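The values are calculated or read from the model by the stated rules, or taken from the named source; none is laboratory data. Bear in mind the structure is a predicted one, so any value in this text is a computation, not a measurement. Every residue, glycine among them, receives a Cβ derived from its backbone with ideal geometry; neighbour counts consider all protein chains shown. Quick note on the areas: whole protein, heavy atoms, side chains included, nothing else; ligands and nucleic acids left out. Shrake-Rupley method; radii C 1.70, N 1.55, O 1.52, S 1.80 Å.
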Amino acid sequence: NKRPVLYGATASELDYYRSLVQQHGSPLLVVSQEKLIEQYQKLRRYLPGVSLYYAIKAFPHSDVIRLLADQGCHFDVASEGEIELLKPLKVSGRKTIHTHPIKKTADIKAALRGGSTTFVVDNIDELNKLIEFRERVGVFLRVSFRNQGAAVDLSKKFGCQPEQVEGIALQAQKLGIHIRGLSFHVGSQSPDSATHVEAIQRCGALIEEINLKLENPMNILDIGGGFPVDYALENPDMDAFFKPIQDALAALPDYLKFIAEPGRYLVAPAVTGISTVIGKARRGDYQWYYLDAGIYGSY
């Protein structure tokens, strides 16, 4: 029963999945509570001393949020809808950060109504949107570090260049906006942690340098997420992935606090997708199978 068959599922698991389809129909997403908690505790061990903020966008489901909240997890929100998910669960907005670098004024107001007061910006225009709320908000400046090896390289879309950080931070000081720290996200599914380490070291140096010119020094570094998960059942060496990150964080000044924004790393291993083959056809040299899930519903 424990021999892997069909993408890692055991025979007993397959029987269980078939029973779920008989009961609920398909397609289905099945979440393992045990695996979700296991992933959270595993990441806590890999990143000791780092506060974890689950990126709700990865799987915006109330049961996932509730389970993680019970473990002491905080939350990364990026939309009003995500903030609304937290309210029935009695999750305080003080346990959130709003990480979308580009926002409408309505987004900012909705976040503040929900108690979320820490925002991310990456340019002067976004900073200016916070002027009217400056007595209520704190800010992270998002820095871009390109990562060609990542499956999704978010730094081509968001983040200022490292050489722009000082100018934005000093402008924020003139505007009376509190810059709490720097943040970055090196992209999703990185094959190794080299870019994480580069970003940590560069941001640490920037914070120390710029703090000499700030009345309210920065004291937080947000190392983002993007930690890889194993879709191909190859069992990558995660100790080797996280050890350089641990060493890079340990080398930074003691006054710095660290946070991270895991999403996929927590939920992907805990979720099983179930779909049904609803038809088949021979198309040229290939046998096609048609599914009841997916963008194009075929394999």
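Go ahead and run the numbers for FRET between Gln71 and Lys174, Cβ-Cβ distance against an R0 of 35 Å, rounding to 0.05.
0.30
Bins of 5 Å, beginning at zero and ending with the bin holding the largest distance: percent of Cα pairs per bin for the stretch 147-299, please.
The distribution over the stretch 147-299 is 2, 8, 14, 16, 14, 12, 9, 7, 6, 5, 4, 3, 2, 0, given as percents.
Return a whole-number percent for the relative contact order of the stretch 19-178, with Cα pairs under 8 Å and 6 or more residues apart as the contact set.
Numbers: 195 pairs, mean separation 23.1, N = 160.
Normalised by residue count, the contact order of the stretch 19-178 is 14 percent.
About its Cα centre, what dipole magnitude does the stretch 1-121 give when the only charges are +1 on Lys and Arg Cβ and -1 on Asp and Glu Cβ, stated in debye to the nearest 20?
That gives a dipole near 300 debye.
Multiply the residue separation of Trp288 and Val21 by 0.36 nm, subtract the distance between their alpha-carbon atoms, and state the gained length in nm to one decimal. Before the final figure, lay out each step's value.
Values: separation 267, 0.36 × 267 = 96.12 nm, distance 2.24 nm.
This chain segment gains 93.9 nm when fully extended.
Roughly how many Å is it from the Cα centre of the stretch 235-299 to that of the stretch 169-194, as a whole number?
Measuring centre to centre over Cα atoms gives 25 Å.
Say the dipole of the stretch 87-234 comes from +1 at the beta carbon of Lys and Arg and -1 at that of Asp and Glu; which of Gln171, Gly115, Ala205 then lies farthest toward its positive end?
Gly115
Which trypsin sites (Lys or Arg not before Pro) in the stretch 27-108 sit in a loop by DSSP (not H, G, I, E or B) and have at most 11 other Cβ atoms within 10 Å of their own Cβ? Mind dumping the intermediate values first?
Values: sites: Lys35, Lys42, Arg44, Arg45, Lys57, Arg66, Lys90, Arg94, Lys95, Lys103, Lys104; in loops: Lys90, Lys103, Lys104.
Loop-located and lightly packed - Lys90, Lys104.
Just want the answer: with Cβ charges of +1 for Lys and Arg and -1 for Asp and Glu, which residue in Ala240, Val21, Val77 is farthest toward the dipole's positive end in the chain?
Ranked along the dipole, the leading option is Val21.
What is the ratio of the Cα radius of gyration of the stretch 1-102 to 2.2 N^0.38 Å, where N is its residue count, to two decimals?
Compactness ratio reported: 1.31.
Just to verify a number: FRET efficiency for Ala205 and Gln41, C-beta to C-beta distance, R0 = 25 Å, to 0.05?
Using R0 = 25 Å, I get an efficiency of 0.20.
Obtain the nm distance between the two label points defined at Lys280 and Tyr296 by a simple spin-label model: each point lies 7 Å from its Cα along the Cα-to-C-beta direction.
My value for the distance between the label points is 1.9 nm.
With the Cα gyration tensor of the chain in hand, give its eigenvalues times 5 under a square root as the equivalent ellipsoid semi-axes, listed largest first in whole angstrom.
They are 38, 22, 19 Å, listed from largest to smallest.
Not counting the cut sites, what is the longest span of the chain without GluC sites (Glu not before Pro) that DSSP labels loop and that have at most 12 other Cβ atoms within 10 Å?
Of all site-free stretches, the longest is 1-134.
Quickly work out the His61-to-Val30 label distance, labels modelled 7 Å from Cα along the C-beta direction, and quote it in nm with one decimal.
Inter-label distance under the simple model: 1.2 nm.
Taking the Cα centre of the chain as origin and charging only Cβ (+1 Lys, Arg; -1 Asp, Glu), how large is the dipole, in debye to the nearest 20?
My answer is approximately 680 debye.
Can you tell me the accessible area per residue over the stretch 29-103, all protein chains present, probe 1.4 angstrom, in square angstrom?
Result: 48 Å² of accessible area for each residue.
In nm, what is the difference between 0.36 nm times the number of residues separating Leu212 and Lys109 and their Cα-Cα distance?
33.8 nm
Pop out the carbon and sulfur fraction of the accessible area of the chain as a percent, whole number, probe 1.4 Å.
Carbon and sulfur: 49 percent of the exposed surface of the chain.
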